[in-house]
Amino acid sequence: MGMLGVNPHCVECANTDHWIELIVVDEYNQYFDNVKGTLIDGKGRRYPITLNNQPIRLDGITAGRIQIELDPTSWLKQAQQRRPLVMDPTKNQTHDVKAGDTLTAIAEQYGMTLNAILELNPQYQDNPDLIVVGDTVQLNEQYQGDPVDEWLRQYPIGYHEEPRQRINMTAGDLLSPTDAEALPERHQARQAISLNAPDFNGHLISDQCYVVCVQGFNYITLRFGLFFDGTANNTYSAQWGKQQLENYYHQWQSLRSLEGNLPVKDWQAHSYTYPNQGDFYWFWEDDEKVESSAANELTNIQKLYERYINDEYNQDQTVFYHSEYITGIGTGNSTEVAKADESLKGQALGLGEYGVEAKVTTAIDQLISRLKNISDTAKKYKLIDGINKVELDVFGFSRGGGAARHFINVALDGEQGEFVPKFVEACQQNKLALQAGFDWRVNEHCEVTFAGLFDTVAAIADFSSLDFTPHNQDNGNVRLWLDPQRVRHAVHLTASPKTEYRYNFSSNKLNAAENFHEIMVYGAHSDLGGGYYSQYAFEQSEYLLPLIERKRIKRIVRDFGWLEFDSIKQQLEQELQQELDKEVAQGWKAEDYIISVAKGPRRGNNDRQQAAGELILQRLVQGDLSRLYLRVMYGLAESMQVPLSEISKINQEIVWDNIEEKGFIVPQLISGSDNLPAMTFGKLCDVVLQTSKQGNITELATHLASREFLTAFMRYNLIHHSSDDGIANHPNTNSQGEYDREQYDPTV
């Protein structure tokens, strides 16, 4: 007799007085839901069957071997979702008896009653004093083990009063050979492995009662976080620039001491000039300068990247997380801490090798290049069969916001796009299988779970296609519209037109949808996404150089002749005063401005000269506002189940008030002028963080957009003045002559 209780050499006969009982379950003893299939008896006769919560019982079949062939689509859709049984040893809690122990004392120790202990340990019910040192006292319901075996112990007898027997199978055992070919090797036919039941040898036999336990799959979800930094933002270059500034501190302090007690507005050039200025700025004509990536602090994109859980599983080990940081538009892709290779074409126009589209390709290639390490790390913790879903959390700032939105569209292009073919090829190379029936077109298998955007400014200008300005809605091939059916959540923080109104920084709004949230907040572009230095960035709290904002707001040049300078000077001062009045009307403080008029050189051999009048803004600005908006994005993302952690890797404490996490902490108080009380900025940040974590978007948006916040942020010098009179950053005016920001809705 064979192990199944029949003669393996039994000759198949033509009699149709035989039968079979089948119950098909997973490792947790859960049934399958109406999976259709065919049972084939020893003579090849075919019988329709359905897997559900009722036993399959067939009479009138011929003797011999039985085959099962299920519909591959419905069978694999369900079978691949069933997990392997995981025994939980923590469910079995015991106490080893020591000298002096009594059952009453043991019950009190574990917060139980004596009766509860006796019910779990019936051997002591007649005499609780029988316990001796070394006994093991059960403290909870003992975990009995395999649920299929448990069920068989309760219901051992099946059809025709025959004993039921368990047999382990794979999903491939219940498919035709052709349909089973695409499965991972351990799920193909006759590959079942178990320690507590016979493994399937390829044949079922008539006149038997079988409980077929189908081996579970270990498919996992890969959840990727991608973080696209902003124009001229580059973590590695910023780290290098900070090193240069740290080395310059003592020299600056010596120069700063020459100012005595003068207000910042009156400081001379030696106190606000950076060392080796060519490392920190691009220079244009008329001494106009634009900050390079080395002049910036780390952005909120980098800080959120640090908070994203990386190369770890979730609690039940069904989702594996991995994150990638992509350097900002117009900066190189090197990860060396050094001054970045920078492209003027990329920073000014969003094009070229470091442009928006190029950064999307970089992100794809960067992620693909990591896939082997991702696979190796995931497999190190558990045996996996492959991938059943890809989830994407995508963050971006500025043009990086445009890149993030374009990447989402490229990923959702599926097999026709750039991402999926490269990803599939890399999976094949690394023997990381996609679940059978994997469909990139549906959220069940590929979904953008979150888009977190700071003030998207695509600003693409492509001269080759006769698009000569970034100040329009023409963004070339960059796609900004997001499909609300494929993107689960999107949050977009946008700068108010009252505080960000540069001509070349038009806002690219988020298309409206119930699951998309656009929140207008006060601040300049980088007050939202980060990049301005906070006082906490450096060890020396008195290091003010990185906090000084000096902007040429307006420059007017006039020719004058002999004896005309005084009148020209007066005229220029009046015109610049009008410009200052316009600034004050916008909310800026008059005491932070300087009006100056100076003579220029003579022109040629005649008596004409030039007079140049300038309106200069020179003041200290705190760079902490972006840290408030960091808390907004972090909290909302957390409320939408993005895998973030606020626990520091440095000291295992929460980052927000952690002195070791200088990129996250904020001042509790921010001082105002002599007649202003200090602003309780730390408390505001705490309230906003908690409100965001609760997902209370309506309350959050209402408060942050209130006029009270605008007034306070202006008064306490928390908002930077991003515009000036240069080519790159000149302000935009509306039809009424007011400073205003252009805003564009995306097109499909």
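So Glu708 clears everything in (1) surrounded by 19 or more Cβ atoms within 10 Å (Cβ to Cβ); (2) assigned to a helix (DSSP H, G or I); (3) of a type in the set (D, E, K, R) except one condition, right? Which one? For Glu708, the failing item is (1).
Ala701 fulfils the conditions (1) among the aliphatic types (A, V, I, L, M); (2) within 27 Å of Gln618 (Cβ to Cβ); (3) not in a loop (DSSP other than H, G, I, E, B) except for a single criterion, (2). Residues of region 93-112 that are in a helix (DSSP H, G or I) and either more than 15 Å from Leu130 (Cα to Cα) or aromatic (Phe, Trp, Tyr) (or both): Ala107, Glu108, Gln109.
Looking across region 67-90, the residues that are among the charged types (D, E, K, R) and either modelled with pLDDT of 90 or more or in the same structural domain as Gln125 (by the TED database) (or both) come down to Glu69, Asp71, Lys77, Arg82, Arg83. Among residues of region 511-527 that are in contact (Cβ under 8 Å) with a residue 12 or more places away in the chain and within 15 Å of Gly396 (Cα to Cα), those with a Cβ under 7 angstrom from a residue that is acidic (Asp, Glu) and crowded, with 16+ Cβ neighbours inside 10 Å, sequence gap 6+ or separate chain, pair up as His525/Asp455; His525/Glu500. Taken over region 494-517, the residue count meeting the criterion of being under 22 Å from the mean Cα position of the chain (by Cα), surrounded by 19 or more Cβ atoms within 10 Å (Cβ to Cβ) and outside any loop (DSSP other than H, G, I, E, B) is 4.
Can Leu689 be described as part of a helix (DSSP H, G or I), within 16 Å of Met520 (Cβ to Cβ), among the hydrophobic types (A, V, I, L, M, F, W, C) and outside the structural domain of Tyr522 (by the TED database)? Criteria not met by Leu689.
Can Glu591 be described as out of contact with any Cys (no Cβ under 8 Å at 6 or more places or on another chain), assigned to a loop (DSSP other than H, G, I, E, B) and surrounded by fewer than 18 Cβ atoms within 10 Å (Cβ to Cβ)?
No: the conditions fail for Glu591.
Here Ser257 meets each of (1) touching a Leu at 6+ places or on another chain (Cβ under 9 Å); (2) surrounded by fewer than 17 Cβ atoms within 10 Å (Cβ to Cβ); (3) part of a helix (DSSP H, G or I) with one exception, condition (1). Set side by side, the residues Ser507, Ser496 differ, and just one is in contact with a strand residue (DSSP E or B) (Cβ under 6 Å, 6 or more places away or on another chain), under 17 Å from Gln586 (Cα atoms) and not acidic (Asp, Glu), which is Ser496. Checking each residue in region 324-343 for being farther than 15 Å from Asp279 by Cβ and among the hydrophobic types (A, V, I, L, M, F, W, C) picks out Ile326, Ile329. Restricting attention to region 612-641, the residues that are surrounded by fewer than 23 Cβ atoms within 10 Å (Cβ to Cβ), of a type in the set (A, V, I, L, M) and either free of Cβ contacts under 8 Å to residues at least 40 places away in the same chain or within 26 Å of Leu392 (Cβ to Cβ) (or both) add up to 1. Being within 50 Å of the chain's Cα centre (by Cα) and of a type in the set (S, T, N, Q) is a property that does not hold for Gln123. List the number of the failed condition for Asp146; all other conditions in (1) among the acidic types (Asp, Glu); (2) modelled with pLDDT of 85 or more; (3) surrounded by fewer than 18 Cβ atoms within 10 Å (Cβ to Cβ) hold. Failing condition for Asp146: (3). Please go through region 34-79 and give me each residue that is among the basic types (Lys, Arg) and either more than 30 Å from Leu434 (Cβ to Cβ) or surrounded by 20 or more Cβ atoms within 10 Å (Cβ to Cβ) (or both), ordered by number. Selection gives Lys43, Arg45, Arg46, Arg57, Arg65.
Could you say whether any residue in region 364-374 is of a type in the set (Asp, Glu), touching a strand residue (DSSP E or B) at 6+ places or on another chain (Cβ under 8 Å) and without any contact (Cβ under 8 Å) to a residue 60 or more places away in the chain? Checked region 364-374: no residue is of a type in the set (Asp, Glu), touching a strand residue (DSSP E or B) at 6+ places or on another chain (Cβ under 8 Å) and without any contact (Cβ under 8 Å) to a residue 60 or more places away in the chain. Only one entry of Thr361, Thr377, Thr331 meets the criterion of being closer than 30 Å to Gln215 by Cβ and either touching a residue at least 60 places away in the same chain (Cβ under 8 Å) or surrounded by fewer than 20 Cβ atoms within 10 Å (Cβ to Cβ) (or both), and that entry is Thr377.
Taking region 640-684 as the range and being over 16 Å from Ala537 (Cβ atoms) and of a type in the set (Asp, Glu) as the test, the residues that pass are Glu646, Glu653, Asp657, Asp674. The requirement of being within 26 Å of Ala495 (Cα to Cα), assigned to a loop (DSSP other than H, G, I, E, B) and under 24 Å from the mean Cα position of the chain (by Cα) is satisfied by Lys662. Per this entry, Glu539 is not counted among residues that are modelled with pLDDT of 95 or more and of a type in the set (D, E, K, R). Screening Gln571 with (1) surrounded by 15 or more Cβ atoms within 10 Å (Cβ to Cβ); (2) touching a residue at least 60 places away in the same chain (Cβ under 8 Å) gives one miss only, at (2).
The values are calculated or read from the model by the stated rules, or taken from the named source; none is laboratory data. Bear in mind that the values here come from a model prediction, so they are computed numbers and not experimental data. Positions of Cβ are generated from backbone atoms using ideal geometry, with glycine treated the same way; all protein chains shown enter the neighbour counts.
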